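Notes follow the structure.
Every number here is computed from the coordinates shown, using simple stated rules; none is lab data. Just so we're clear, the structure is a prediction, and the values are computed from it rather than from any experiment. Glycine also receives a Cβ, built like all others from the backbone with ideal geometry; neighbour counts cover every protein chain displayed.
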Amino acid sequence: MIQTFALDLRKGSLLARYTQRLGTLVDRRLSQIALDGARREAEGAARNALDASRAKTEFLANMSHELHTPLSSIIGFAEMMEREVLGPMPVSYREYAKNIVESGRQLLGVVGDVLDMSHIESGKYRLDESEIDVGEALTGIFRLVQGRAAQAGLYLQARVAKDLPRLRADPKAFKQIVLNLLSNAIKFTKAGGHIYVLPALAPEGDLSIRVVDTGVGIEDTDLARITLPFERVGGAMTHRQPGAGLGLSLANALAVLHGGTLRLQSKVGVGTVATVTLPHWRLMKAPGTALGEAGLGATPARFRPTLDAED
């Protein structure tokens, strides 16, 4: 009887262990099923997001192509009217034609930015690289925006050394990067403000181009998303400005395509420093100049931005 009782205890203990093990296996299996379901759901959501992104990119590319031709025609005919190619016109009509041309060119620029961004997002943007004279390129870009800056009552200054090294890059993309940064600074700096273009060589040999302004500045919470496509942040002054919110995102994307970076430092009410850095392996030593020479791009003494972040 004692032996039978002991055997029953062993059977009960064994059954309890089996039951516990079975429960553990069931729990594991249920967890695995739940995990597989969550993974499938996440993969489905990722596929849907990717499909939506591709559809958006294709739509933007197609829309840009569709708008480009009629816009160019409108601008062309308005220019003919402005120059009175088709015959004399009242002064007021010539002014209307001039406004059409200016607005059309502005819209055409937005269409071009949208098309470029869609090509970058789809991986279709190709750099057409050649050797660039950095000083000459920056001087040309500077001249393009001088009139706009003067009209806005801004002090615009560029410190471009004659012995800057040459750069291996896409000339159109390089121009667009710097032009977008300057255009952004002009848009968001009030009359009487200052804007500086400061190229410099870092000790490690990288080329940096800083665009410094005394504009309205950017909130810390907005800095992380301001380089995202179609993002427009800030207050009333920001939203009054024309554009699709592509300037900084396009500059950032083009810098990355060159192996570079775009860094923004800003303080509301003080200004913004936008620094595009291009890697040293894209630079070619200028005759008689050592890369990393001190003094290039020092901030003019009459304006030194006081931002919390490092210059």
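Observations
- Averaged over residues, the count of other Cβ atoms within 10 Å places the peptides 110-120, 32-42 in the sequence 110-120, 32-42, highest first.
- Peptides 90-97, 102-109 ranked from most to least packed by the mean count of surrounding Cβ atoms within 10 Å: 102-109, 90-97.
- Per-residue Cβ neighbour rank within 10 angstrom, fewest leading, F77, F188: F77, F188
- Long-range HN-HN contacts of G193 with modeled amide H, under 5 Å: Y155
- A simple packing score, the average count of other Cβ atoms within 10 Å per residue, orders the peptides 268-281, 208-221 as 208-221, 268-281, with the highest score first.
- Packing-based exposure ordering (other Cβ within 10 Å, fewest first) of I195, I177, I74: I74, I195, I177
- Converting phi to 3J(HN,Hα) with the Karplus coefficients 6.51, -1.76 and 1.60 and the offset θ = phi - 60°, the range 246-252 yields 10, x, 6, 5, 6, 4, 5 Hz in sequence order, with x at every glycine or proline.
- Of the residues E84, E129, the one with the fewest other Cβ atoms within 10 Å heads the list, and the complete ranking is E84, E129.
- Couplings for the range 207-215, taken from phi via the Karplus curve 6.51 cos²θ - 1.76 cosθ + 1.60 with θ = phi - 60°, read 9, 10, 10, 9, 10, 10, 9, 9, x Hz in order; Gly and Pro are left as x.
- Dipole of the range 82-149, positive direction: furthest Cα of A137, S92, Q106, with charges on the beta-carbon: S92
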